[in-house]
Each structure stands twice: as structure tokens, then as C-alpha cells.
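J.: Below is a structure I'd like to ask you about.
The values are calculated or read from the model by the stated rules, or taken from the named source; none is laboratory data. Everything numeric here is computed off the predicted structure, so don't read it as measured data. Cβ coordinates were reconstructed from backbone atoms using ideal geometry, including for glycine residues, and neighbour counts include every protein chain displayed. Remember, those area values only see protein heavy atoms, side chains included, never the ligands or the DNA or RNA. Shrake-Rupley method; radii C 1.70, N 1.55, O 1.52, S 1.80 Å.
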Amino acid sequence: MWPVKRLYGALGVVGTVVAWWVLAETVFADVGVAPNGQGGSIPNPAEVVGAIVEVGPAYLYRHISVTGLEALLGFAWGVGLALVLASVVVLAPRLEGFITLIATVSYCIPVVAIGPIVRIVAGSPKPGEPSVTAVFLSAMLVVFTTVIGTLVGLRAADAASLDLIRVYGGGRWKQFVLVRSIAALPGVLNALKIAAPLAFLGAIIGEYMGGVDVGIGPALVNAQQTLQAPRAWAIALVTGICSGLGFVVIAIISRFVTPWTRGTSRSEA
């Protein structure tokens, strides 16, 4: 089954590249072209790859390393807060309404509205250092997804196991440690797979308003202002790959941490 899925995935990638190339040379060939015939805002894949080679790995690493650190810090803070909030809901059910409200607000507040406020409070970072604004927005985008995924996992615990702990005199804390925490692992890891790319996205958005001079945000702004469309697409493509790597890494960790979720039925074998 897996080789077939990999084949479909490879065909999907090839099909996407071919469609991109054909559309860039036909339907979108004149999009963004200046009156003098120069430019064009939608390059073909060869031009994007050429831009990646042109800027070089040192340039890409310099910017991606800063954004990646901001995303990692935001991911850690956001996930940590979300796990604490979800755990409190299970241990103290009366606080569920308040905690759910916090998670919902973190999801509903537009990042472009709160970003400038964080920038004013935190100030601008030193040259080459991570932006507090980017870290904050990265963490904010992670909280809601992780809270919901963790709550679903914690509440998926086997009722018979919970009753057994209760019969032997255990309270909510023992149920949480011995049963719920283990039952929640698949749900938590699934939520983290979604949260990882969101953390990267939040870091990039934060860089647009965080006063940084190094990072994916400034690199994209520079490419746009100098009308270097292939470079902008190249940076965006590499950024998407790096963001997807976060998903892949957590998916791999999930396969080892929760092996019981990999069972397949006879019809899938």
C-alpha cells in the first residue's frame, strides 16, 4: 500500500510542476509584465531554481535560520501553554469555559492587528537577532490548534481504565497521569503536525512588523521592492519546504512514539 501512495505522491508533485510550467508560459505569461516588456510576476520552475542557485545556500541559510529560530521558540511557548491549558480543563472542569475562551480569542484576533501592539511593547531586536513580535505571533497561531487536539485526546481515554483507577481510590490526577496522558498522545501529535507550519507562518508575518533586518520577511520584501519575482518565488518555495519539514519531523516522531496507531486492516494490507 505504501509504495502505491508514494507513487501517487510523486506523480502529484510532477503534475504540479508541469502545470505550473505550462500556465507560467501561457495563461500567466503577461501577468506583471512592464510596458517595456521586462519583468513578469509568475516565473516558470526553471527560473525559480535558477534564482535559488543564484542567491546561494549561504544567503538562504542566513535568513531561514533566524525565521526558523523564531518559529521554534514560538512553537515551544505556544505548545507549552496549550498543553497546560488543556490539562487544567481535565483536572478542573469548572475552568473549561474560561480556558476555551482564551484559546478561541487567540485564534480569532487578527495577527495584523495585534502585531503592531506587540512591536510597540517589545521594541525592535538587535541586528541579526530573533524578533519578539515574530515569536509572539508564532506562539499565538499554535495555541488554539494544540488546545483542541490535546483536549480531544485527553477525553478519548478508555472509560473502563478510568473507572478502574477510580475503584482503586485514584482521583483525577492519577487518571490523568496513568490513562489520559497516554491516550492523548496521538491527538497531541496530530495537532503538533498542523501547528508546526503555522508557527513558521506566524514567524514570517511577525517579521513584517517586528523591525527585523534578517529573516524570510525582510528577504521577501527586498525581492518584491527590487522587482525580482524569481527570487521572491525562490524564497517562498524554500520557505514552504522548510515549513513542511516541521510537519514531516513530527509525523516521523509520531510513528515511533505511538506505534499502536499504525495498525492496518486486512483490506488495506
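J.: Go through region 110-119 and report how many residues are of a type in the set (A, V, I, L, M, F, W, C) and open to solvent by 60 Å² or more (accessible area, probe 1.4 Å).
T.: Final tally of qualifying residues: 2.
J.: With open to solvent by 70 Å² or more (accessible area, probe 1.4 Å), modelled with pLDDT of 90 or more and closer than 27 Å to Trp233 by Cα as the only criterion, which of Leu81, Leu72, Leu137 stands out?
T.: Going through Leu81, Leu72, Leu137 in turn, the sole match is Leu72.
J.: If I filter region 85-105 down to residues being surrounded by 13 or more Cβ atoms within 10 Å (Cβ to Cβ) and under 22 Å from the mean Cα position of the chain (by Cα), which single residue comes out as nearest to Gly153 (Cα to Cα)?
T.: Once the filter is applied, the top-ranked residue is Ala86.
J.: Another question about this same structure. In region 46-63, how many residues are open to solvent by 10 Å² or more (accessible area, probe 1.4 Å) and in contact with a helix residue (DSSP H, G or I) (Cβ under 6 Å, 6 or more places away or on another chain)?
T.: Count: 4.
J.: List every residue pair whose Cβ atoms lie under 9 Å apart, where the two residues are 6 or more positions apart in sequence or sit on different chains, the first residue falls within region 162-189 and is in contact (Cβ under 8 Å) with a residue 24 or more places away in the chain and over 11 Å from Thr150 (Cα atoms), and the second residue, located anywhere, is open to solvent by 30 Å² or more (accessible area, probe 1.4 Å) and not in a helix (DSSP H, G or I).
T.: Once the first residue is in contact (Cβ under 8 Å) with a residue 24 or more places away in the chain and over 11 Å from Thr150 (Cα atoms) and sits in region 162-189, its partners that are open to solvent by 30 Å² or more (accessible area, probe 1.4 Å) and not in a helix (DSSP H, G or I) give Arg172/Ala92.
J.: Looking for whichever is surrounded by 20 or more Cβ atoms within 10 Å (Cβ to Cβ) and over 20 Å from Val112 (Cβ atoms) here; the options are Gly187, Gly217. Which one fits?
T.: The conditions single out Gly187.
J.: Another question, then. Could you tell me whether region 120-128 includes any residue that is part of a loop (DSSP other than H, G, I, E, B), under 24 Å from the mean Cα position of the chain (by Cα), buried (at least 20 other Cβ atoms within 10 Å of the Cβ) and not small (Gly, Ala, Ser)?
T.: Within region 120-128 (the criterion being part of a loop (DSSP other than H, G, I, E, B), under 24 Å from the mean Cα position of the chain (by Cα), buried (at least 20 other Cβ atoms within 10 Å of the Cβ) and not small (Gly, Ala, Ser)), the answer is yes, since at least one residue qualifies.
J.: Just to check your reading of the model, which residue among Gly153, Gly206 is assigned to a helix (DSSP H, G or I), within 15 Å of the chain's Cα centre (by Cα) and crowded, with 19+ Cβ neighbours inside 10 Å?
T.: Every option except Gly206 fails the conditions.
J.: Ok, one more. Which pairs turn up if I take residues in region 46-69 that are in contact (Cβ under 8 Å) with a residue 24 or more places away in the chain and look for partners that are of a type in the set (Ser, Thr, Tyr) with beta carbon separation below 8 Å, at least 6 apart in sequence or on another chain?
T.: Ile64/Thr239; Thr67/Thr239
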